[in-house]
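Heads up: the structure comes next, in structure tokens.
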Amino acid sequence: MEQNNPVIELRHLNKRFGTNEVLRDISFQTNHGDVICIIGASGSGKSTMLRCINMLETPTSGEVLYHGKNILNKGVKVSAYRAKVGMVFQQFNLFNNMTVLQNCMIGTMRVLKKDKNAAEQLALKYLTKVGMAPYINAKPHQISGGQKQRVAIARALAMEPEVLLFDEPTSALDPQMVGEVLEVMRDLAKEGLTMIIVTHEMAFARDVSSHVVFMADGIIAEEGAPEMLFNNPQNALTREFLSRFM
Ligand code: ADP
Ligand code: MG
């Protein structure tokens, strides 16, 4: 976190829904190769923050910088930006009428203008990486939740993004399927992919993250290295939150 050319930087981000102040003065940086885990209770604003980074929500005020440029400025192309900063959702968001392979081709064809052949090669490369190559002709309803999430990760990777955002990628899964998805994410972290991950998987966050951000009621209540935040939390709210997982 010491370098000074962040890939993503939030500056004094605020977000209100009506009178509900959901994010208050959120600032933080993500450098190349960082794995940032965002933890915090339900309703603390974690998803809203990720959605602001991915332009799914517009902040009330503040800046979201990508390589120093404010993505909220006029003229920023949303689809081109999302190709660079991809997102994996809790509910997978696969197209149910398409096969696994087609799900992983559509984005690269539409957004990156890849021809069918190139799109298929990319899809196969990343489906192989997540262990889903044997299922290319399956429809989403024919595979398990863990497999769907691995396909969703392959779809995001096929865009060859610079940053991947994950919003509770294992929260919708049966417990026995959580491990296979976390394993894929661990591999990506080892390879140096820059990731911002909202998760309730504390052991994973402790092992994999370079930096942990604890959110409480719309603010960053505490952040730091995982050893510090998990072993020696400074804030009473952090201690109270973590005690629920012990
Ligand atoms: P988390 O992901 O940490 O559970 P969220 O970012 O989903 O938290 O929600 C934070 C707060 O913002 C909650 O009070 C939630 O009800 C509110 N909120 C989120 N999205 C919307 C929306 N589209 N409209 C109104 N309120 C919202
Ligand atoms: Mg959420």
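Closer than 30 Å to PHE230 by Cα and under 16 Å from the mean Cα position of the chain (by Cα) - does that describe any residue in region 115-135? No; the residues of region 115-135 include none that is closer than 30 Å to PHE230 by Cα and under 16 Å from the mean Cα position of the chain (by Cα). Would a scan of region 137-152 turn up a residue that is under 21 Å from the mean Cα position of the chain (by Cα) and charged (D, E, K, R)? So far as region 137-152 goes, yes, one or more of its residues are under 21 Å from the mean Cα position of the chain (by Cα) and charged (D, E, K, R). State all residues of region 114-133 that are surrounded by fewer than 18 Cβ atoms within 10 Å (Cβ to Cβ), over 15 Å from ALA152 (Cα atoms) and of a type outside the set (Gly, Ala, Ser); if no residue qualifies, say none. Scanning region 114-133 gives ASP115, LYS116, ASN117, GLN121.
Filtered by the rule that a residue be crowded, with 20+ Cβ neighbours inside 10 Å and either part of a helix (DSSP H, G or I) or among the basic types (Lys, Arg) (or both), region 50-59 gives LEU50, CYS52, ILE53.
Taking LYS84, is it among the charged types (D, E, K, R), in contact (Cβ under 8 Å) with a residue 60 or more places away in the chain and surrounded by fewer than 17 Cβ atoms within 10 Å (Cβ to Cβ)? Criteria met by LYS84.
Just to be sure, is VAL213 within 16 Å of ligand 1 (Cβ to nearest atom), surrounded by 20 or more Cβ atoms within 10 Å (Cβ to Cβ) and either at pLDDT below 95 or hydrophobic (A, V, I, L, M, F, W, C) (or both)? Yes; evaluated as a whole, the condition is true for this residue.
Can you tell me which residue in region 25-44 is farthest from ligand 1 (Cβ to nearest atom), limited to those that are buried (at least 19 other Cβ atoms within 10 Å of the Cβ) and outside any strand (DSSP E or B)? Per the criteria, the residue is ASP34. SER47 falls short of the stated requirement of being within 17 Å of the chain's Cα centre (by Cα), surrounded by fewer than 19 Cβ atoms within 10 Å (Cβ to Cβ), of a type in the set (S, T, N, Q) and at pLDDT 95 or above.
When the criteria are applied in full, GLY86 fails the requirement of being over 20 Å from LEU193 (Cβ atoms) and either within 16 Å of ligand 2 (Cβ to nearest atom) or in a strand (DSSP E or B) (or both). Of ASN96, ASN103, ASN54, ASN14, all but one fail to be within 15 Å of ligand 1 (Cβ to nearest atom) and under 28 Å from LEU173 (Cβ atoms); the exception is ASN54.
Among the residues of region 183-205, write down those that are among the aliphatic types (A, V, I, L, M) and surrounded by 18 or more Cβ atoms within 10 Å (Cβ to Cβ). Across region 183-205, the qualifying residues are VAL184, MET185, LEU188, ALA189, LEU193, MET195, ILE196, ILE197, VAL198, MET202, ALA205.
Of all residues being of a type in the set (Val, Ile, Thr) and surrounded by fewer than 22 Cβ atoms within 10 Å (Cβ to Cβ) in region 139-182, which is farthest from VAL111 (Cα to Cα)? Just the residue, please. Filtering first and then ranking leaves VAL178. Residue under question is GLU168, and the condition is that it be within 27 Å of ASP25 (Cα to Cα) and more than 17 Å from the chain's Cα centre (by Cα); does it hold? So GLU168 fails the test. The residue list ASN70, ASN4, ASN14 contains one member that is more than 21 Å from ALA216 (Cβ to Cβ), modelled with pLDDT of 95 or more and out of contact with any helix residue (DSSP H, G or I) (no Cβ under 9 Å at 6 or more places or on another chain), which is ASN70.
Residues of region 16-33 include none that is within 16 Å of ligand 2 (Cβ to nearest atom), over 24 Å from ARG186 (Cβ atoms) and within 16 Å of the chain's Cα centre (by Cα).
Considering only region 96-113, state which residues are assigned to a loop (DSSP other than H, G, I, E, B) and either under 19 Å from the mean Cα position of the chain (by Cα) or surrounded by 14 or more Cβ atoms within 10 Å (Cβ to Cβ) (or both). I'd like the intermediate steps shown before the answer.
The initial filter retains those residues of region 96-113 that are assigned to a loop (DSSP other than H, G, I, E, B), namely 96-99, 111-113.
Passing the criteria: MET98, THR99, VAL111, LEU112.
The values are calculated or read from the model by the stated rules, or taken from the named source; none is laboratory data. Keep in mind that this is a model prediction, so the values were computed, not measured. Note that each Cβ is placed from the backbone with ideal geometry, even for glycine, and that neighbours are counted across all protein chains shown.
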